[in-house]
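Below is one structure, written out as structure tokens; the observations come after it.
The values are calculated or read from the model by the stated rules, or taken from the named source; none is laboratory data. A quick note: this is a predicted structure, and the numbers were derived from the prediction, not measured. Here the Cβ positions follow ideal geometry from the backbone for every residue, glycine too, while neighbour counts run over all protein chains shown.
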Amino acid sequence: MRRFKIAHISDLHIDYNDKNLIKEFELLLKKINSNNVNHLIITGDLIHNPIEKNYFILKNILKKYGFWSYNKLTVTIGNHEIFGGAEKTHTFPYQCKYTNYKENVHSFLVFFEKILSKNSSPKFPILKEISDNIILFIFNSVANWSANKNPIGSNGNVNTEQFRIANKILKNNIFINHIKIAVIHHHFYYTANHFYDELHRLWLYSERDTMVMHNYKKVLNFLKRNDIDLILHGHTHYTNIYKKNNITIINSSGCLKPLSNVKKRLFTLIELDNKTKRSEFKTKIIEA
């Protein structure tokens, strides 16, 4: 029985000026390679700011470790690919307001075109088949700028058009027996509730108006109705596995910059049967 291994990471925040972070990213990829993975999924915030230098450094490192291909890599967009990071906190809402959202989404899709699509220019949501029985549904969960709902660009929302397109795809019975994995950046209202996670829990509480996906219930219900087996996300800088609506949800955003009392860099390894339809999957959190 052939096992198909997926490594899930998120929130790399690669910056061409941060040599130490780049070194840590290379060590992470070495660790992933040592586990003989078939596919790498990165759920957003791959770079810190949406500039060409960051994209090309990221690409060169992924190429170096054998991941820069359609068959080996899947990515989705995070808020840092659109709005960047807050170098000057007091001016950041102004910077976000005048960010060209559509242009930055387009730049992301053009840069990763050969990673996300074999035949045509990709558009969210993206359907990607990574094995005989595993398909990915890749969403853009970054909300447009809004003074009330998204003043610093970090909140989420999956728009109606993505639901319409995904619904049309999912009605196709050709995928009825496939393992279906949703790939998205924003979290599903996870709140750490143990002392072990106190730092993370308090940070999420303090950011409760700026780190949320506003329509997460609608997204979750949509995925549940359409028999999604697994959801992969990032955004909170913490690595954990939890459940909502009886769907397993994996967050691997603590792989490089963990925000927790214990500063371990962790990522998730997912193992599936590559031949049996709708097989069970195994998950394992690994120290980077």
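Data table
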| read-out | value |
| --- | --- |
| Unmet requirement for VAL37, which otherwise passes all of (1) surrounded by fewer than 18 Cβ atoms within 10 Å (Cβ to Cβ); (2) out of contact with any helix residue (DSSP H, G or I) (no Cβ under 9 Å at 6 or more places or on another chain); (3) more than 26 Å from SER121 (Cα to Cα); (4) not basic (Lys, Arg) | (1) |
| Some residue of segment 130-150 being β-branched (Val, Ile, Thr), out of contact with any Leu (no Cβ under 8 Å at 6 or more places or on another chain) and outside any strand (DSSP E or B) | no |
| Close pairs (6 angstrom Cβ cut-off, 6 or more residues apart or separate chains): within 29 Å of LEU272 (Cα to Cα) in segment 8-24, of a type in the set (Phe, Trp, Tyr) and not in a helix (DSSP H, G or I) anywhere | ILE9/PHE267 |
| From the options ASN140, ASN71, ASN119, ASN133, residue that is more than 30 Å from SER34 (Cα to Cα) and in contact (Cβ under 8 Å) with a residue 12 or more places away in the chain | ASN140 |
| Matching residues in segment 260-283 - criterion: being in a loop (DSSP other than H, G, I, E, B), surrounded by 18 or more Cβ atoms within 10 Å (Cβ to Cβ) and at pLDDT 80 or above | SER260, ARG265 |
| Qualifying position, being at pLDDT 95 or above and either part of a loop (DSSP other than H, G, I, E, B) or of a type in the set (Phe, Trp, Tyr) (or both), among SER121, SER154 | SER154 |
| Hits in segment 191-238 - residues which are at pLDDT below 85, within 17 Å of VAL262 (Cβ to Cβ) and either part of a helix (DSSP H, G or I) or of a type in the set (Ser, Thr, Tyr) (or both) | PHE195, TYR196, ASP197, GLU198, LEU199, HIS200, ARG201, LEU202, TRP203, LEU204 |
